[in-house]
1. When a footprinting reagent is the concern and you count Cβ atoms within 10 Å, what order do 253, 100 take, fewest first?
2. Hey, fewest Cβ within 10 Å first, where do 86, 284, 234 land in order?
3. Sort 143, 248, 287 so that the residue with the fewest other Cβ atoms within 10 Å of its own Cβ comes first and the one with the most comes last.
4. Distance between Cα centroids, segment 240-294 to segment 31-94: provide it in whole Å.
5. Provide, in order from the shortest bin, the percent of all Cα-Cα pairs of segment 168-234 in each 10 Å bin, continuing until the bin that contains the maximum pair distance.
6. Once you place label points 7 Å from the Cα toward the Cβ at residue 234 and residue 25, how far apart are they in nm?
7. Can you compute the FRET efficiency between residue 268 and residue 1 using 1/(1 + (r/R0)^6), with r the Cβ-Cβ distance and R0 = 35 Å? Round to the nearest 0.05.
8. Pick from 99, 277, 19: which residue has the top mean-square fluctuation in a GNM of the chain where Cα pairs under 10 Å get a spring?
Ligand code: ASP
């Protein structure tokens, strides 16, 4: 038996504290706890890591606080184009979808692609049609829209039009959700889901659905889900870079993640973060921004949640 463990991030585009009420912060933290518990139930029942990360990401997608599913970012044409992926470290099986417009839970579509075994990545209307044929819940695109994202898009477009010198905050620009898990068999898995960047060009695909860029899992090495400016994560093949540093370079998970986030990715002057888990030990969640929504359940079954610097110990995760 291996010690089970689970971690998540809700994107390194955390709002500045004063920009939302205490009640909203409490709700966002509660949704992180719910998401962790959903994955934990799977692991505690002896379920697979890949099922646990899926269960966790579904809860994050359903929450309006994070940029994935309900609450997703908007393109420059005020449309939603959603990306997601999932990878099973036991078999290296992977599934991903990009540019979805109608599938309520993109991570479930990514999982259906993995299970089909016929492709790794499906795109656009064909991917939505595939999800529909698999019996997944389809929604009107308005379901994904929240006032916060509409306001953020307007602000970004106004400042671009006026040539404002002030850069947009990380929170206005982006976010993502992702999870990593290790099950009792020692298998690792990772999943990521996102609305991408606010004001992104139509048809833009980020790193989240690209295996090796935004998501990667390989038994005996690590599982990782990334967040930040996707173009750089693609060019750096960031998620696989973490695994390669460990597998070929002999770095520990902590050293590999530190180098990746604070040297490699930070050298591009972008916001960057990740959640990752190794073959042993508890998850880590480094980031270089003001904050990153994150949480994990360690190998002792203790649950932790953070949005900014402080990490709150929430006690035992329960059954
Ligand atoms: N990585 C995501 C993307 O580029 C955005 C983010 O994580 O904030 O689509």
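Please treat every number below as a calculation from the coordinates, not as lab data. Bear in mind the structure is a predicted one, so any value in this text is a computation, not a measurement. Quick reminder, even Gly has a Cβ in these numbers, built from the backbone with ideal geometry, and neighbours come from all protein chains shown.
1. Numbers: 253 23, 100 31.
Placing the least packed residue first, the sequence is 253, 100.
2. On the way: 86 36, 284 22, 234 16.
Ranked by crowding around the Cβ, least crowded first: 234, 284, 86.
3. Values: 143 14, 248 9, 287 24.
Ranked by crowding around the Cβ, least crowded first: 248, 143, 287.
4. 20
5. For segment 168-234, the pair-distance distribution reads 22, 46, 23, 9, 1.
6. The answer from the label model is 3.6 nm.
7. After rounding to 0.05, the efficiency reads 0.25.
8. Between 99, 277, 19, it is 19 that shows the largest mean-square fluctuation.
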